[in-house]
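Heads up: the structure comes next, in structure tokens.
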Amino acid sequence: MLHVIERPVLFIDEERCKRNIKRMADKATQNNCEFRPHFKTHQSIKIGRWIRNTGVTGITVSTPEMAQYFADDGWDDITIAFPFHPSQLNALLELEKKCDLQLFVNSEEHLRLLNSQLRNPFKWYIETDPDYGRSGIHYMQTGIMKKLIELSELLEKCRFEGFYIHDGRTYKAKSKSEVTEKIEPVIGILNNLKDQFPSAKISLGDTPSASCLDHFNSIDILTPGNFVFYDWMQVQIGSCSLDDVAVFVLLPVAQHIKSEKRLILHGGAVHLSKDFIVQSGRNNYGQVINYAQDESIHPESGLFLSSLSQEHGTINYKSGFPEQFSDSQYLWICPIHSCLTVNLFDHYTTREGNRIEKRILS
């Protein structure tokens, strides 16, 4: 285990991470779903190889640069799960030399442009907005979808693959049952689209629903990403237990102001992001945990980062500071949103102190 922490450290529990990967891969297999995990969470060649070892052959990313990073490691079937825009063209021309591309296309203009500029055939999805209001074509606009699909049938290099939804509202759920309540109408939307376009595949992309549902009602493709690590938000949702969380941030204790029952840690927004959940009426930017010698994990009730600046994190406590932490030079923090936290570091550190390289590609 690590002993000296000079600056914030992104710690990975390799065993838990591999266990999470296998569990989700097995669930996809049991449901006859193609598993195309999103690599934007871990952004690491080595962790990508752990996923490859489960039999995964196709992956999802969010940028052409991220796709290039993983294509260089031999991944040759890559979905870029972000709306295509023309500034991506040069990168896509390089990418198609190494891998088969699956793209999100939302307009006839962009479909024609890709068909004329790319050298190789490509597959494409209609990203579908289930009234969440992020990106894509609203699920009620089936006329626009039909025109796009009909145009694709006339173009030489295009092959329409299906419909994709990532509904972020499941991340606001407070229980597994609430996740189910929020995602069932979304699955209904996808099934209705499949009824209208029978050759289309339907794809679902959020970790809470992938984790909480046992059955996926004809979903063809699963593309979650956060499941490799999970985080404190997913624990609160019910997507996982704390024992499933596979990344933590170790933050040095900079100052203990006992008279004010306050700790200052070297760890701010540049290390954790500013995502938070509300607990006991206060913002929680990172949960203090007790990582025991036997590798069991326990949350420390009432101890969490209640405010962040760029480099500073503040913990306010109401009663006596836990004795086991009184001489600690650093604290273990469970991140609120691991995807954003991990994106702020350029490597992971293992229990043995080894370094696992990653990139910052989002």
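The values are calculated or read from the model by the stated rules, or taken from the named source; none is laboratory data. Values in this document were obtained by computation on a predicted structure and should not be read as measured data. Neighbour counts are summed over all protein chains in view; Cβ atoms, including those assigned to glycine, are modelled from backbone coordinates with ideal geometry. Heavy atoms of the whole protein, side chains included, go into the accessibility calculation; ligands, DNA and RNA do not. Shrake-Rupley method; radii C 1.70, N 1.55, O 1.52, S 1.80 Å.
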Requested in this report: Would you point out the residue of region 280-292, among those that are assigned to a strand (DSSP E or B) and surrounded by 15 or more Cβ atoms within 10 Å (Cβ to Cβ), that is modelled with the lowest pLDDT?
Outcome: 291
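When you look at residue 144, is it of a type in the set (Val, Ile, Thr), under 20 Å from the mean Cα position of the chain (by Cα) and part of a helix (DSSP H, G or I), yes or no?
Numbers: of a type in the set (Val, Ile, Thr): yes; under 20 Å from the mean Cα position of the chain (by Cα): no; part of a helix (DSSP H, G or I): yes.
Considered against the rule, which asks whether it is of a type in the set (Val, Ile, Thr), under 20 Å from the mean Cα position of the chain (by Cα) and part of a helix (DSSP H, G or I), residue 144 comes out as no.
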Report task. From the list 319, 307, pick out the single residue that is free of Cβ contacts under 8 Å to residues at least 60 places away in the same chain and assigned to a strand (DSSP E or B). Result -> 307
Query raised in the report: Which residue out of 194, 176, 201 is among the charged types (D, E, K, R) and closer than 21 Å to residue 39 by Cβ?
Result: 201
Query raised in the report: So which of 12, 59, 5 ends up being open to solvent by less than 30 Å² (accessible area, probe 1.4 Å) and at pLDDT below 95?
Result: 5
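Pick out the one residue from 71, 28 that is among the aliphatic types (A, V, I, L, M), out of contact with any helix residue (DSSP H, G or I) (no Cβ under 8 Å at 6 or more places or on another chain), at pLDDT 95 or above and crowded, with 21+ Cβ neighbours inside 10 Å.
Unique residue meeting the criteria: 28.
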Query raised in the report: Given the conditions (1) open to solvent by less than 30 Å² (accessible area, probe 1.4 Å); (2) part of a loop (DSSP other than H, G, I, E, B), which single one is not true for residue 88?
Result: (2)
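I'd like the full set of residues that are in contact with a helix residue (DSSP H, G or I) (Cβ under 9 Å, 6 or more places away or on another chain) and modelled with pLDDT of 95 or more, limited to region 132-143. Steps first, please.
As a first pass, look at region 132-143 and keep what is in contact with a helix residue (DSSP H, G or I) (Cβ under 9 Å, 6 or more places away or on another chain): 132, 134, 137-139, 142.
Selection gives 137, 138, 139, 142.
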Report summary line: Checked pairs for region 341-355, first of a type outside the set (D, E, K, R), second open to solvent by 40 Å² or more (accessible area, probe 1.4 Å) and at pLDDT below 95, C-beta under 7 Å and 6 or more apart or across chains, list as 343/360; 343/362
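Of all residues in region 221-239, count the ones that are part of a loop (DSSP other than H, G, I, E, B) and open to solvent by 20 Å² or more (accessible area, probe 1.4 Å). Talk me through it step by step, then tell me what you get.
If we filter region 221-239 for residues that are part of a loop (DSSP other than H, G, I, E, B), which is where we start, we get 223-225, 229-231, 238-239.
After this cut, where a residue has to be open to solvent by 20 Å² or more (accessible area, probe 1.4 Å) as well, the list is 238.
So the count comes out to 1.
Only one residue in 157, 194, 201 is touching an Asp or Glu at 6+ places or on another chain (Cβ under 6 Å) and modelled with pLDDT of 95 or more, so which one is that?
Going through 157, 194, 201 in turn, just one is touching an Asp or Glu at 6+ places or on another chain (Cβ under 6 Å) and modelled with pLDDT of 95 or more: 201.
Would you confirm, using the coordinates I've provided, whether residue 218 is touching a residue at least 12 places away in the same chain (Cβ under 8 Å) and either under 16 Å from residue 171 (Cβ atoms) or surrounded by fewer than 18 Cβ atoms within 10 Å (Cβ to Cβ) (or both)? Walk me through it before giving the result.
Values: touching a residue at least 12 places away in the same chain (Cβ under 8 Å): yes; either under 16 Å from residue 171 (Cβ atoms) or surrounded by fewer than 18 Cβ atoms within 10 Å (Cβ to Cβ) (or both): yes.
The answer is yes for residue 218.
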Requested in this report: Residue by residue through region 158-209, note down the ones that are open to solvent by 40 Å² or more (accessible area, probe 1.4 Å) and either touching a Lys or Arg at 6+ places or on another chain (Cβ under 7 Å) or of a type in the set (D, E, K, R) (or both).
Outcome: 159, 169, 172, 174, 176, 178, 181, 182, 184, 194, 195, 201
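Could you please give the count of residues in region 31-53 that are out of contact with any Ser or Thr (no Cβ under 8 Å at 6 or more places or on another chain) and open to solvent by 20 Å² or more (accessible area, probe 1.4 Å)?
We begin by selecting, within region 31-53, every residue out of contact with any Ser or Thr (no Cβ under 8 Å at 6 or more places or on another chain); these are 31-34, 42, 44-53.
Restricting the remaining residues to those that are open to solvent by 20 Å² or more (accessible area, probe 1.4 Å) gives 31-32, 34, 45-46, 49-50, 52-53.
Here the count works out to 9.
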